[in-house]
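S.K.: Here it is: the structure, laid out below.
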Amino acid sequence: MIGAVDIGGTKIAVGMIDNDGRVLACLECPTDADHGYPDALRRITDMLRATARTANTEISGIGIGSTGPVYPLTGEFGEVNFFPHWKGQNLVRDLSQSFQATVAIENDADAAALAEAGWGAGKNKSRLIYVTVGTGIGTGLVLDGQLYRGVDQSHPEIGHHAIDPSGPLCGCGFRGCWESLASGPAMVAWAESNMPKDYPHRDNLTAKRICELARDGDEFARRAVDRESRYLGLGVANLVTLFTPDAIVLGGSVMKSAALFLEEIRRTISRSCRLVPHEKTELTLASLGEAANLIGAARVWHHRFEPKGGHRA
């Protein structure tokens, strides 16, 4: 039984996951990063013990998926925007000492990629790219059953490859990154800058609300969705051209409205990926549901420590 820890900018979720990827118990709390790392460590430890009691089990190991950057081989947090004061703290070491168990950490998008490759839509796919579209755009690459790492074991930030250098300023400091054009907040920012003065749905506009309005036939929301679809399509098409994977799995909150976007994404791939066998890359939706991040965190442990081939996704 693997204790799973999913750390995001707004919440921390903890659960117990069995060997088939089923969530047997879970709890969550606000991240509250301003309260400091020791407070977060205490809450994570308490939730791990509580969920283990609920599942009536002992913890065999602990897997962590966290918004990045994180350093998987040392267990340390890098300079994460959402909790900058945690830089250099080592959750792997601290949980290992508390529970006398093996612990592993990965970027949360890498964790989700491992989950979909091992237990989800990408099962039995040798080359898989997972893309999560929500507050940002995160990606994880599994190539020949292995999680891809870059130099210094780093996580590739594909959400920040440039789509349009004349585009909006991104949080990374560059202009026209994929994330700045096709994330949920990017869709909202474009809508707020371009909506008519008399637009009746100006207040409290969110990506979810734009998608709802588009489904209801709202013309302006439809324009916002069309623009989002084009930029999502360009980024995905770039991945097809660069990696020609067996599958690209799309997840995240924006992809809950995938029916609005998929047709244009597929059209863009067909138009722009003519030099590779793009028709053999399966475009599919994440299949693990709301618990995907927790399941991914558990899969991080399996990928690192499972003795019977678990090093392969």
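The values are calculated or read from the model by the stated rules, or taken from the named source; none is laboratory data. Just so it is clear, the model here is predicted, and its values are computed rather than measured. A quick note on method: Cβ atoms are made from the backbone with ideal geometry, for glycine too, and the neighbour counts reach across all protein chains shown. Accessible surface is based on the protein model in full, side chains and every heavy atom, while ligands, DNA and RNA are left aside. Shrake-Rupley method; radii C 1.70, N 1.55, O 1.52, S 1.80 Å.
S.K.: Which pairs do you get when a residue that is touching a residue at least 12 places away in the same chain (Cβ under 8 Å), found in region 18-38, comes within reach of a residue that is part of a loop (DSSP other than H, G, I, E, B) and among the polar types (S, T, N, Q), reach meaning Cβ atoms under 8 angstrom, with the pair 6+ apart or on two chains?
M.R.: If the second residue must be part of a loop (DSSP other than H, G, I, E, B) and among the polar types (S, T, N, Q), the pairs left are L24/T57; P30/T10; T31/T10; Y37/Q89.
S.K.: Hey, another quick one. Filter region 2-33 down to the residues that are of a type in the set (D, E, K, R), in a strand (DSSP E or B) and more than 17 Å from I59 (Cβ to Cβ), then identify the one that is modelled with the lowest pLDDT. Write out each step before concluding.
M.R.: Narrowing region 2-33 to residues of a type in the set (D, E, K, R): 6, 11, 18, 20, 22, 28, 32.
Narrowing further to those that are in a strand (DSSP E or B): 6, 11, 28.
When the remaining residues are screened for being more than 17 Å from I59 (Cβ to Cβ), the result is 11, 28.
Values: K11: 91, E28: 95.
Step by step, filter region 2-33, then rank; the result is K11.
S.K.: Something else: If only one of T57, T51, T45, T31 is hydroxyl-bearing (S, T, Y), farther than 19 Å from L147 by Cα and out of contact with any strand residue (DSSP E or B) (no Cβ under 8 Å at 6 or more places or on another chain), which one is it? It would help to see each step written out before you state the result.
M.R.: Details: T57 fails: out of contact with any strand residue (DSSP E or B) (no Cβ under 8 Å at 6 or more places or on another chain); T51 fails: out of contact with any strand residue (DSSP E or B) (no Cβ under 8 Å at 6 or more places or on another chain); T31 fails: out of contact with any strand residue (DSSP E or B) (no Cβ under 8 Å at 6 or more places or on another chain).
None of the others qualify; the one that does is T45.
S.K.: To continue, here is another question. Within region 36-84, take every residue that is outside any loop (DSSP other than H, G, I, E, B) and small (G, A, S) and give me the one that is surrounded by the fewest Cβ atoms within 10 Å (Cβ to Cβ).
M.R.: Taking region 36-84 first, the residues outside any loop (DSSP other than H, G, I, E, B) are 37-54, 61-66, 70-71, 76-77, 84.
Subsequent filtering for residues that are small (G, A, S) retains 40, 50, 52, 61, 63, 65-66.
Working: A40: 21, A50: 14, A52: 20, G61: 22, G63: 30, G65: 33, S66: 26.
Taking the candidates together, the pick is A50.
S.K.: Give me a count of the residues in region 19-35 that are open to solvent by 70 Å² or more (accessible area, probe 1.4 Å) and among the polar types (S, T, N, Q).
M.R.: The total comes to 1.
S.K.: Within region 274-296, does at least one residue satisfy the condition of being open to solvent by 60 Å² or more (accessible area, probe 1.4 Å), within 22 Å of A121 (Cβ to Cβ), part of a helix (DSSP H, G or I) and touching a residue at least 40 places away in the same chain (Cβ under 8 Å)? Walk me through it before giving the result.
M.R.: Taking region 274-296 first, the residues open to solvent by 60 Å² or more (accessible area, probe 1.4 Å) are 274-275, 277, 279-280, 282, 285, 287, 290, 293.
From what's left, within 22 Å of A121 (Cβ to Cβ): 277, 279-280, 282, 285, 287, 290, 293.
Keeping just the survivors that are part of a helix (DSSP H, G or I) gives 279-280, 290, 293.
So of that shortlist, the ones also touching a residue at least 40 places away in the same chain (Cβ under 8 Å) come out as 293.
Checked against the condition, which is being open to solvent by 60 Å² or more (accessible area, probe 1.4 Å), within 22 Å of A121 (Cβ to Cβ), part of a helix (DSSP H, G or I) and touching a residue at least 40 places away in the same chain (Cβ under 8 Å), region 274-296 yields at least one hit.
S.K.: Provide a single number: the residues in region 128-159 that are in contact with a strand residue (DSSP E or B) (Cβ under 9 Å, 6 or more places away or on another chain) and buried (at least 19 other Cβ atoms within 10 Å of the Cβ).
M.R.: 17
S.K.: Something else about it: Among the numbered conditions (1) in contact (Cβ under 8 Å) with a residue 60 or more places away in the chain; (2) touching a helix residue (DSSP H, G or I) at 6+ places or on another chain (Cβ under 8 Å); (3) not small (G, A, S), tell me where I44 comes up short.
M.R.: The number of the failed condition is (1).
S.K.: Can you tell me which residue in region 1-12 is nearest to the chain's Cα centre (by Cα), limited to those that are open to solvent by less than 10 Å² (accessible area, probe 1.4 Å) and touching a residue at least 60 places away in the same chain (Cβ under 8 Å)? Let's see the steps before the verdict.
M.R.: First pass over region 1-12, keeping only residues open to solvent by less than 10 Å² (accessible area, probe 1.4 Å): 2-5, 7, 12.
So of that shortlist, the ones also touching a residue at least 60 places away in the same chain (Cβ under 8 Å) come out as 2-5, 7.
Working: I2: 20, G3: 19, A4: 15, V5: 14, I7: 11 Å.
My answer is I7.
S.K.: What is the residue count in region 1-59 for residues that are under 21 Å from A109 (Cα atoms) and of a type in the set (S, T, Y)?
M.R.: Residues that pass the stated criteria total 2.
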